[in-house]
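K.L.:
Pasting a structure below so you can have a look.
Readers should treat all values here as calculations from the given coordinates under stated rules, not as data from a laboratory. In this text, all values refer to a predicted model and were calculated from it rather than measured experimentally. Neighbour counts run over all protein chains shown; Cβ positions are idealised from the backbone, glycine included.
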């Protein structure tokens, strides 16, 4: 009997990891760095920690088959981590909704403000293109020129996300009360039209780049890039660092229709009038940071609960044919306004 037990134990130790059933993940939440990850882990009940080859950090999964991980910041970390998750024999991601939930910068115009939560309808690369300095009214002004001419050559410059899923997420969460605080309120007063703004849930485009930029002219350039790829149909609302990496990894597995991005504004993408961008970045990094972290979890978790309660509806919303084809008929000369 003792010899038999020894053989069984050895067999369990030697069996290949893939021999065990993969976890059928229902939701995978992606955080870029520890403060984004913390509220998810804090509220998870008895999560199991998994070591997945190729990921930036461990993956934690609970009994509901909701998992969360830290991808690391920037597109290369997000793309490699998401690719590793999708390829892992320890996880079955084929039916999973993948949710990027984190903070972002945003412009101080319209109804957008610190603490606001925005579901991305487009995720667009800030980096992939030519960034030029043109003269406008005697002053240098940054301009954008896409790579290639009639078609972007890489195919990863912009991704239109699943409108069925984006609109459903917005409708489910649009009335959620969002956190606000005094530091955010005081910061808003420095910007025209912001003093009485309150955070709300909305939809808009996320511009993704690996550099942390700031300035009025660069904010206008972000909208110019969004205008080019969406033909003026989308509105730039947040700037972040990971989404195009996520989206490309999902698309290569035929799972882009399963992907959502939720961004909350922690800081404006430009200094207030009278301040330089350099000084403002050094002195006032994340005036809306506390409420942005809170609202990313508050809104994201509300939709996760909805996903778990409505599996058939979510499965229909995530169908592969829900992602429309994206076309770029503008030529380089048209993009430059010639």
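K.L.:
Relative to the longest principal Cα axis of the chain, at what angle does helix 2-14 sit, 0 to 90 degrees, rounded to 10?
P.N.:
Here the helix axis deviates by roughly 20 degrees.
K.L.:
Taking the mean number of other Cβ atoms within 10 Å as a proxy for protection, how do you rank 33-42, 46-55 from highest to lowest?
P.N.:
Result, highest mean Cβ count within 10 Å first: 33-42, 46-55.
K.L.:
Of all the C-alpha pairs in region 112-248, what % are more than 20 Å from each other?
P.N.:
It works out to 53 percent of all Cα pairs.
K.L.:
Compute the distance in nm between two label points, each set 7 Å from the Cα along the Cα-to-Cβ direction, one at residue 167 and one at residue 231.
P.N.:
1.8 nm
K.L.:
So for the pair residue 305, residue 76, with labels modelled 7 Å out along Cα→Cβ, what separation do we get in nm?
P.N.:
About 4.0 nm separates the two model spin labels.
K.L.:
Along the Cα→Cβ direction, 7 angstrom out, place labels at residue 145 and residue 182. What is the inter-label distance in nm?
P.N.:
5.2 nm
K.L.:
Could you give the distance between the Cα centres of region 38-85 and region 257-327, to the whole Å?
P.N.:
18 Å
K.L.:
Mean separation of Cα pairs under 8 Å and 6+ residues apart, divided by the residue count of region 55-102: what relative contact order is that in percent? All intermediate terms of the calculation are to be shown ahead of the outcome.
P.N.:
Details: 35 pairs, mean separation 13.2, N = 48.
Relative contact order of region 55-102: 28 percent.
K.L.:
A follow-up question, please. Compute the long axis of helix 289-309 from its Cα atoms, compare it with the longest principal axis of the Cα atoms of the chain, and write down the angle in degrees, 0 to 90, nearest 10.
P.N.:
Result, in degrees: 50.
K.L.:
From the square roots a ≥ b ≥ c of the eigenvalues of the alpha-carbon gyration tensor of region 34-139, which class results: rounded (a/c under 1.5), prolate (a/b over b/c), or oblate?
P.N.:
Prolate is the answer for region 34-139, as a/c is 1.5 or above and a/b outweighs b/c.
K.L.:
Which order do the peptides 277-283, 82-88, 251-257 come out in when sorted by mean C-beta neighbours inside 10 angstrom, highest first?
P.N.:
Order by mean packing, descending: 82-88, 251-257, 277-283.
K.L.:
Rounded to the nearest 500 deg cm²/dmol, what is the calculated helix-only ellipticity per residue at 222 nm for the chain, with -39500 (n - 2.57) per DSSP H run of length n ≥ 4?
P.N.:
Dividing the helical sum by the residues of the chain leaves -10500 deg cm²/dmol.
K.L.:
Quick one: divide the alpha-carbon radius of gyration of region 95-335 by 2.2 N^0.38 Å and tell me what you get.
P.N.:
Compactness ratio reported: 1.01.
K.L.:
Right, something else. Normalising by the residue count of the chain, find the relative contact order in percent from Cα pairs under 8 Å and 6+ residues apart. Walk me through the numbers before you get to the answer.
P.N.:
Working: 696 pairs, mean separation 83.2, N = 338.
For the chain, the relative contact order is 25 percent.
K.L.:
Report the paramagnetic label zone for residue 111: residues of region 231-254 whose backbone N is under 16 Å from a point 7 Å from Cα along the Cα-to-Cβ axis.
P.N.:
235-238
K.L.:
Mind running the shape call on region 195-338? Use the C-alpha gyration tensor, a ≥ b ≥ c as the square roots of the eigenvalues: rounded below 1.5 for a/c, prolate if a/b tops b/c, oblate otherwise.
P.N.:
Oblate, since a/c reaches 1.5 and b/c is not below a/b.
K.L.:
Here's another thing I want to ask about it. Angle check, please: helix 243-252 long axis (alpha carbons) against the longest principal axis of the chain (alpha carbons), in degrees 0 to 90, nearest 10.
P.N.:
Between helix and principal axis, roughly 50 degrees.
K.L.:
Sort 194-200, 204-210 by the packing proxy (mean of other Cβ within 10 Å over each peptide's residues), most packed first.
P.N.:
Values: 194-200: 16.4, 204-210: 25.3.
The most tightly packed comes first, giving 204-210, 194-200.
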